[in-house]
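Reading through the structure tokens given below for one structure.
The values are calculated or read from the model by the stated rules, or taken from the named source; none is laboratory data. What you see is a predicted model; the values in this text were computed from it and never measured. A quick note on method: Cβ atoms are made from the backbone with ideal geometry, for glycine too, and the neighbour counts reach across all protein chains shown. Side chains included, ligands, DNA and RNA excluded: accessible areas come from the protein's heavy atoms. Shrake-Rupley method; radii C 1.70, N 1.55, O 1.52, S 1.80 Å.
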Amino acid sequence: MKQKSVFLTAIFFLIAITMEAQRGIPEVTEVHEPVPPVVTPGTGTAPPSDAIVLFDGKDLSQWEKGSGEPAPWEVGDGAFTVVPGTGGIQTKQGFGDVQLHIEWRSPEVVKGDGQGRGNSGVFFMGRYEVQVLDSYDNHTYPNGQAASVYKQHIPLVNACKKPGEWQTYDIIFTAPRFNEHGRVSHPARVTVIHNGVLVQNNVELWGTTQYIGLPTYTKHEDKLPLSLQDHGDLVSFRNIWVREL
Ligand code: MG
């Protein structure tokens, strides 16, 4: 009965709006709620007022090892650098849908090639990797180069700067959704802007990014830590912030 009256009310409004619109009244199609909250944008790459700052150049207090021990990577000159062999680090806080800003730099002195050159990675929810790699004049499989969704999506273009130069990723990540049977109902999605250039346009992830084998989805929590990869290379990071969406 209640459903019926809601339905009838909706129909009434639709008819009323249509009639008003036909009379040429512009206010009929104006929507006044919700009013977007005010956010003060940052200058340049500084965080907007509603961002959660994950690294402001001082310390790794927002990060830890997977085991819960303090993050052992080296902090200096407003950045931090992978300490090879110590393993990846992750945020203490878990995140779902986010806008992420992160800056990274591969070593100026080039060592190695292909996947062995300035390799790290940004792992959303500890599972879904946007590749960090020195892909400046460095051949590797394109679905594993910088800004690829590792072994899933080749970036639209190669926007890499020279080794030793700071680079930016601005990433919009939408977490996957799972149904009550544990199956994925809405796959994860990612948009990546590399140094101001769109390189991944709302691509759909096939599952976790795998080094070996095919990606699959396994149901997990709504929010999980963001992690950075230790791939044995001296990659540095700075100015990291997220906005929860
Ligand atoms: Mg990697």
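Numbers for the structure displayed
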{"read-out": "Yes/no for GLY114 being at pLDDT 95 or above, in contact with a strand residue (DSSP E or B) (Cβ under 7 Å, 6 or more places away or on another chain) and either open to solvent by 80 Å² or more (accessible area, probe 1.4 Å) or of a type in the set (Gly, Ala, Ser) (or both)", "value": "no"}
{"read-out": "Selection count, segment 103-123, where residues are away from the ligand (no atom under 13 Å from the Cβ) and more than 17 Å from LYS162 (Cα to Cα)", "value": "0"}
{"read-out": "Single match in THR174, THR168, THR191 (criterion: free of Cβ contacts under 8 Å to residues at least 60 places away in the same chain and more than 16 Å from the ligand (Cβ to nearest atom))", "value": "THR191"}
{"read-out": "Of the criteria (1) open to solvent by less than 10 Å² (accessible area, probe 1.4 Å); (2) in a loop (DSSP other than H, G, I, E, B); (3) aliphatic (A, V, I, L, M), which one VAL109 fails", "value": "(1)"}
{"read-out": "Exclusive hit being open to solvent by 20 Å² or more (accessible area, probe 1.4 Å), of a type in the set (A, V, I, L, M) and without any contact (Cβ under 8 Å) to a residue 12 or more places away in the chain, set LEU224, LEU214", "value": "LEU214"}
{"read-out": "Selection count, segment 124-165, where residues are open to solvent by 50 Å² or more (accessible area, probe 1.4 Å) and either outside the structural domain of ILE212 (by TED's automatic domain parsing) or assigned to a loop (DSSP other than H, G, I, E, B) (or both)", "value": "13"}
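Residue-wise test of (1) modelled with pLDDT under 95; (2) of a type in the set (Val, Ile, Thr); (3) farther than 21 Å from ARG117 by Cβ.
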| position | (1), (2), (3) |
| --- | --- |
| TYR136 | no, no, no |
| ALA188 | no, no, yes |
| VAL192 | no, yes, no |
| LEU234 | no, no, no |
| ARG238 | no, no, no |
